[in-house]
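Single-structure report; data block below.
The values are calculated or read from the model by the stated rules, or taken from the named source; none is laboratory data. Since the model is a prediction, treat every value here as computed from it, not as a measurement. Quick reminder, even Gly has a Cβ in these numbers, built from the backbone with ideal geometry, and neighbours come from all protein chains shown.
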């Protein structure tokens, strides 16, 4: 067995994780997509998507999770979602029709809250240096 | 005024684009930060030019009428500080292009720098008190991380102290805002001021004043609350020290204090005497403690405390002339203190140390740093033709005019004290015989030299601000800014009139 497979939890947890991670991701994306209609909004969606990766981290160890998701990706998604957020702010400022389009606003809302929260949450948990695995 | 929100949007765009450019493209973050701060400098000049004629520019966010909606207000006082802040920030950003090369992960520095600039500009244009608090926190939190940027033991310790003290200050301010909201049921500052004029202020307002004095006093580093400043300002990288000392303590501390106490609460005798006491303490304690310092940046940091005392003294005396002097000194101090801190960075590079005992012969080693440092030191000591002399003179004259000769005497004594400690510290460092030990002996590149020269020119040109002439826009702006504070609660009428 390779050293990566030795890390993490037991075979049972790993197998269950493999089976469920896809569903968790899908559910997270669903909650984020319908964020503008449901209470809590895209916030919960971002957290659920982040939890999928944290699930992988708990079961397989940090290295596997980090191989799926690089810190550059997180940085870019934080930056992009913050920029979309600014775009919405400017939409409020200008009040023009192309900004106030009824479709763009929910999509943007979903994007910022979903992406941003996912990235921040994951960055906080996954990239924390206090973990022993980071050595 | 359509331009006002861009003061916050532009630095935020830069702050979020920089992480995307990230590590791969090393040249992009410094250029982005410099471009953003340059745009801000131009924008603030344009807004100031408009405000000179129309007195106040109000922007209603989303076209919701205040007090229900959020408003952004750029009056003469905001514009005066905006122009100063953004000019200094642009020069500091250019300086850091060269200076920050010795650090790793510099994109983080530029992202935080832009974020801090967004926070500071936000505080200056905030029309309601809660937005003021939010932007103040953005600037302060970016500041904590910037202080720790060196990640050495001392800088982490300094950042931790700054963060803890800053958090305590924020809690006081937040609590004060909460109480104030419960009393006035509005967050808009103009509306709040109108409410205060119509109703007698109960004891709650006194309590809130004390909370704000502690909170903003801590951000401004007035003396009983100053203990974080010497650590934070001396351990940060030079451009950050220049931003913190030159800009941050004035905007987050003095500007916010003045705005709330003069324009919202209305200036009272009690606040005047408290401000004067704190100011005299700051001037004396900062000045005396600066004497014992062996670290050049700690010396500059203590001198910041002392000079902030002058500004607070002018505000505390509260006559139109004194307020004019205080704001004039605020502008001057922003310029020459950021110049001194930029100099300290370049001196540290030349001689490899910040220990005053081991720095020597800077003028012969590197004339640009040496002479600009000399000009800044002359200005802060109050040498006659330079800006610092006129602002201190006006504050002293205002004290005499207000029939407070003791204060005038103390201000004059502290001015001599300033001269003494700068003379003692900088004479050997600038003119002393070259010891030729340590350090890279590396000369500052153009990106470091040009900002220092420009700031030195501005420190000399600062004196022009008192020339009364209809062509002198800066003087008109300064006078208008002083009258915004002297008019006190008429601020409410002014804002309502502009809407």
Filtering the range B:1-46 for residues that are in contact with a strand residue (DSSP E or B) (Cβ under 6 Å, 6 or more places away or on another chain) and crowded, with 22+ Cβ neighbours inside 10 Å leaves a count of 1
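Before we move on, is residue B:62 farther than 28 Å from residue B:447 by Cβ, within 14 Å of chain A (Cβ to nearest Cβ) and in a helix (DSSP H, G or I)? Walk me through it before giving the result.
Details: farther than 28 Å from residue B:447 by Cβ: yes; within 14 Å of chain A (Cβ to nearest Cβ): yes; in a helix (DSSP H, G or I): yes.
Criteria met by residue B:62.
Condition first: assigned to a helix (DSSP H, G or I) and within 11 Å of another protein chain (Cβ to nearest Cβ). Now tell me which residues in the range B:13-57 satisfy that.
If we filter the range B:13-57 for residues that are assigned to a helix (DSSP H, G or I), which is where we start, we get B:13-21, B:28-54.
Passing the criteria: B:13, B:14, B:15, B:16, B:17, B:18, B:19, B:20, B:21.
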Among (1) touching a residue at least 12 places away in the same chain (Cβ under 8 Å); (2) surrounded by fewer than 24 Cβ atoms within 10 Å (Cβ to Cβ), there is one condition residue B:378 misses while meeting the rest; what is its number? (1)
Condition broken by residue B:4, with the remaining ones in (1) more than 24 Å from residue B:487 (Cβ to Cβ); (2) within 14 Å of chain A (Cβ to nearest Cβ); (3) under 23 Å from the mean Cα position of the chain (by Cα) satisfied: (1)
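Scan the range B:411-429 residue by residue and report those that are over 25 Å from residue B:360 (Cβ atoms) and surrounded by fewer than 21 Cβ atoms within 10 Å (Cβ to Cβ). Lay out the reasoning, then the answer.
The initial filter retains those residues of the range B:411-429 that are over 25 Å from residue B:360 (Cβ atoms), namely B:411-416.
Hits for the range B:411-429 are B:412, B:413, B:416.
Consider the range B:116-140. How many of its residues are in a helix (DSSP H, G or I) and more than 16 Å from the chain's Cα centre (by Cα)?
Step one: of the range B:116-140, the residues in a helix (DSSP H, G or I) are B:116-125, B:129-140.
Narrowing further to those that are more than 16 Å from the chain's Cα centre (by Cα): B:129-131, B:133-134.
Residues in the range B:116-140 being in a helix (DSSP H, G or I) and more than 16 Å from the chain's Cα centre (by Cα): 5 in total.
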Could you list all residues from the range B:255-273 that are at pLDDT 90 or above and surrounded by fewer than 18 Cβ atoms within 10 Å (Cβ to Cβ)? B:272, B:273
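Could we say that residue B:336 is in contact with a helix residue (DSSP H, G or I) (Cβ under 9 Å, 6 or more places away or on another chain), surrounded by 24 or more Cβ atoms within 10 Å (Cβ to Cβ) and in a helix (DSSP H, G or I) here? Explain how you work it out, then say what you get.
On the way: in contact with a helix residue (DSSP H, G or I) (Cβ under 9 Å, 6 or more places away or on another chain): yes; surrounded by 24 or more Cβ atoms within 10 Å (Cβ to Cβ): yes; in a helix (DSSP H, G or I): yes.
Yes; evaluated as a whole, the condition is true for this residue.
Just to be sure before I move on: is residue B:292 more than 21 Å from residue B:219 (Cβ to Cβ) and over 21 Å from the mean Cα position of the chain (by Cα) in the structure I sent? Let's see the steps before the verdict.
Working: more than 21 Å from residue B:219 (Cβ to Cβ): yes; over 21 Å from the mean Cα position of the chain (by Cα): yes.
Against the criterion (more than 21 Å from residue B:219 (Cβ to Cβ) and over 21 Å from the mean Cα position of the chain (by Cα)), residue B:292 qualifies.
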Kindly indicate which of A:46, A:22, A:28, A:8 is away from every other protein chain (no Cβ under 14 Å), modelled with pLDDT under 80 and farther than 30 Å from residue B:6 by Cα. A:8
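Suppose the filter is surrounded by fewer than 23 Cβ atoms within 10 Å (Cβ to Cβ) and closer than 18 Å to residue B:39 by Cβ; does residue B:70 pass it? I'd like the intermediate steps shown before the answer.
Details: surrounded by fewer than 23 Cβ atoms within 10 Å (Cβ to Cβ): yes; closer than 18 Å to residue B:39 by Cβ: no.
No.
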The condition from (1) surrounded by fewer than 24 Cβ atoms within 10 Å (Cβ to Cβ); (2) touching a residue at least 12 places away in the same chain (Cβ under 8 Å); (3) within 30 Å of residue B:202 (Cβ to Cβ) that residue B:167 misses is numbered (2)
Helices (runs of 4 or more DSSP H) enclosed by the range B:339-455 - at least 1 residues per element that are within 22 Å of residue B:466 (Cα to Cα): B:367-381, B:387-401, B:405-431
